[in-house]
Amino acid sequence: MMQVHRRRPEPCPTGRDRLTAAIAHPDPTVGARTLLDAILVGHDVSLRITEVEAYAGPRDPASHAFVRTARSEIMYGPPDRLYVYHIHGHFCANVVTGPDGLASAVLLRAGEVLDGSALAHRRRAAGRAAPVAESALARGPGNLTRALGITMDDLGADLGDDTPVTLLPADEPIDPAAISAGPRVGVRRNADLAWRFWLTDDPTVSAYRRHPRAAAGT
């Protein structure tokens, strides 16, 4: 009797597999869109990402990696790592995207706190007289990192590992119709490139502010 060799079925990709593949995609807007609705866990607080911006490394004059420096060196490494920088008194968190060496990244601009709200409120309350509204806890890059307790100590964290800062996939892929796009906030170059993405009508999303010295059509 002839023996039939059945092909072993390929394992179904998990949500994290799909997220990892999107983050590693050469087009940073693919990773940016996929990061929307994903869960970022940081130092006992978790949030749902609602607003991001994509940056294309040496191909993008608005990117920190447009010129390779010690600060941007991590962006030239493997994807799925956390790039943290300090500016105007606060920290900003980015997910390194694209193949190793491409130096693309996605800035995390806003999110909805899901767990650890009391701790996030305490972190945001430091130095403030008025309480912070729930929808504003992680609205804006500096407020997002403050709510999560992210600092320069988290620079280079592997977001796929079970470390103090971890990235988890959304429960279901986002309907593209639920995503809005527009120019990035506060950049002088490539100021009209619509690489800022957000969940339409989400109350946690930050307001758009154009850089005062950004030229039209750049």
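General observations
- Across segment 56-74, the qualifying residues are those that are outside any loop (DSSP other than H, G, I, E, B) and open to solvent by 30 Å² or more (accessible area, probe 1.4 Å), and the one among them that is farthest from L102 (Cα to Cα) is H64.
- Condition check for L19: open to solvent by less than 20 Å² (accessible area, probe 1.4 Å) and either among the hydroxyl-bearing types (S, T, Y) or more than 11 Å from the chain's Cα centre (by Cα) (or both): yes
- Looking only at segment 122-142, and only at residues there that are modelled with pLDDT of 90 or more and among the charged types (D, E, K, R), the one that is farthest from the chain's Cα centre (by Cα): R122
- Verdict on G142 being open to solvent by less than 20 Å² (accessible area, probe 1.4 Å), touching a Leu at 6+ places or on another chain (Cβ under 9 Å) and not in a loop (DSSP other than H, G, I, E, B): no
- Residue list for segment 187-198, restricted to those being open to solvent by 40 Å² or more (accessible area, probe 1.4 Å) and at pLDDT below 95: R188, R189, N190, D192, L193
Yes/no per residue for (1) touching a strand residue (DSSP E or B) at 6+ places or on another chain (Cβ under 7 Å); (2) open to solvent by less than 60 Å² (accessible area, probe 1.4 Å); (3) of a type in the set (D, E, K, R):
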{"position": "V45", "(1), (2), (3)": "yes, yes, no"}
{"position": "V52", "(1), (2), (3)": "yes, yes, no"}
{"position": "Y85", "(1), (2), (3)": "yes, yes, no"}
{"position": "C92", "(1), (2), (3)": "yes, yes, no"}
{"position": "G116", "(1), (2), (3)": "yes, yes, no"}
{"position": "R124", "(1), (2), (3)": "no, yes, yes"}
{"position": "G127", "(1), (2), (3)": "no, no, no"}
{"position": "P131", "(1), (2), (3)": "no, no, no"}
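- Inter-residue pairs, beta-carbon under 6 Å, first more than 13 Å from P28 (Cα to Cα) and in segment 52-71, second crowded, with 21+ Cβ neighbours inside 10 Å and aliphatic (A, V, I, L, M), 6+ apart: A62/V187; A65/M75; A65/A103
- When P26, P11 are checked against the criterion of being open to solvent by 20 Å² or more (accessible area, probe 1.4 Å), at pLDDT 95 or above and farther than 26 Å from R146 by Cα, a single residue qualifies: P26.
The values are calculated or read from the model by the stated rules, or taken from the named source; none is laboratory data. What you see is a predicted model; the values in this text were computed from it and never measured. Cβ coordinates were reconstructed from backbone atoms using ideal geometry, including for glycine residues, and neighbour counts include every protein chain displayed. Keep in mind that these areas ignore ligands, DNA and RNA; they rest on the heavy atoms of the full protein, side chains included. Shrake-Rupley method; radii C 1.70, N 1.55, O 1.52, S 1.80 Å.
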